[in-house]
1. Mind checking which residues of region 132-166 are among the aliphatic types (A, V, I, L, M) and open to solvent by less than 30 Å² (accessible area, probe 1.4 Å)?
2. Please state which of the following conditions GLY41 fails to meet, knowing it meets all the rest: (1) touching a Leu at 6+ places or on another chain (Cβ under 7 Å); (2) within 30 Å of GLU108 (Cβ to Cβ).
3. Out of CYS149, CYS102, I need the residue that is hydrophobic (A, V, I, L, M, F, W, C) and modelled with pLDDT under 95. Which one?
4. Would it be correct to say that HIS156 is in contact (Cβ under 8 Å) with a residue 12 or more places away in the chain and in contact with a Gly (Cβ under 6 Å, 6 or more places away or on another chain)?
5. Could you please give the count of residues in region 1-39 that are touching a helix residue (DSSP H, G or I) at 6+ places or on another chain (Cβ under 6 Å) and β-branched (Val, Ile, Thr)?
6. What number of residues in region 291-332 are at pLDDT 70 or above and part of a helix (DSSP H, G or I)?
7. Hey, can you tell me all the residues within region 273-289 that are outside any loop (DSSP other than H, G, I, E, B) and open to solvent by less than 90 Å² (accessible area, probe 1.4 Å)?
8. How about region 42-131: which helices (runs of 4 or more DSSP H) wholly inside it have at least 3 residues that are farther than 24 Å from VAL219 by Cα and open to solvent by less than 30 Å² (accessible area, probe 1.4 Å)?
Amino acid sequence: MLSVAPMMDWTDRHCRVLHRTLTRRARLYTEMLTTGAILHGDRARLLDFDAAEHPVALQLGGSEPGDLAEAARIGEAWGYDEINLNVGCPSDRVQSGRFGACLMREPELVAEGMAAMAAAVKIPVTVKCRIGVDDQDPEESLFRLVDLCAEAGVRHFVVHARKALLKGLSPKENRDVPPLDYPLVYRLKRERPELTIAINGGIGSLEEAQAHLARVDGVMLGRAAYHTPGLLGEVDARLFGEGAVVTPAEAVARYRPYIVRELAMGTHLAAMTRHMLGLFHGASGARTWRRILTVESVKPGAGLEVVDAALSAVSGLQDQRLARRLEAGEAA
């Protein structure tokens, strides 16, 4: 099982459709949405998604059981396949709002919220958490949270294998500085074999994902999937044994109809192309691809011709590189 992590300001609906052009099997997650935003905000803007995104999970931020239950009901009615509770985000905003990683200190409250959501919907309710926060002992904090939530009916946990240090580290530093403890997550799976345990944090390649899958049930990729989305094109073939590898150029071709539809509805091109910048990472012409999309997509009236120009430039540079290699081989 492989999924793409919920990432604030990144995994919006345009990003998820792009990722779905690369893999049919990976589970996709929304950005974290607070219960307050869902209950009182513009639901269509927040919750609408393309049918192609399935399977897709809605991630909630919140702690009040009644609000979580109502937000979960709304998410289920909107068509989401799973409701996930964020117990891992370390930003200042979530601490002041009493959700995210600070809830590692309140496992009873988390379990109460999960029980309320489980009673409100028929789709799975899941938890994404850290192994602890600040001075907590991870062996105690992680297992207590998981055990209480399991008693409330939760069967699926995604564990970011780092503490969150809420005092003194920025959210960005919390993604890198606290040391990873993969063995603790492996131990959780070993000692709670009846639960589905997925691992998250610092996983940069499908080779690393495969190594983890020998120990746990699932892997969640974050920044690697966003910055180098081309690796998702290998997921179905390599991890699920289904179909052929999807190339970046094939993903662009699959994404084009979506771009056309969204442009017709008034979406700015840059809102979609910003997620495509890393698609040709490591390939000939990747820099040219990024430059054209970055510079041209933000211009007034920018349309599909920008994507086509960028793709043509990449293809041309790759053809030139191949020709030079062939010529060198013939000369030799």
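1. Here is the first cut: in region 132-166, the ones among the aliphatic types (A, V, I, L, M) are 133, 142, 145-146, 148, 150, 152, 154, 158-159, 161, 164-166.
Listed by number, the residues that qualify are VAL133, LEU142, LEU145, VAL146, ALA150, ALA152, VAL154, VAL158, VAL159, ALA161, ALA164, LEU166.
2. (1)
3. Numbers: CYS149 fails: modelled with pLDDT under 95.
When all the criteria are applied, what remains is CYS102.
4. Criteria not met by HIS156.
5. 6
6. Of all residues in region 291-332, those at pLDDT 70 or above come to 291-315.
After this cut, where a residue has to be part of a helix (DSSP H, G or I) as well, the list is 291-296, 304-315.
Result for region 291-332: 18.
7. Of all residues in region 273-289, those outside any loop (DSSP other than H, G, I, E, B) come to 273, 286-289.
Selection gives THR273, ALA286, THR288, TRP289.
8. Details: elements: 43-47, 65-78, 92-96, 107-120.
Here the list reads 65-78, 107-120.
The values are calculated or read from the model by the stated rules, or taken from the named source; none is laboratory data. Since we're looking at a predicted model, the values are computed, not measured. When we count neighbours, we look across all protein chains shown, and the Cβ atoms used for this are built from the backbone with ideal geometry, even at glycine. Please note that ligands, DNA and RNA were not included when accessible areas were found on the heavy atoms of the full protein model with its side chains. Shrake-Rupley method; radii C 1.70, N 1.55, O 1.52, S 1.80 Å.
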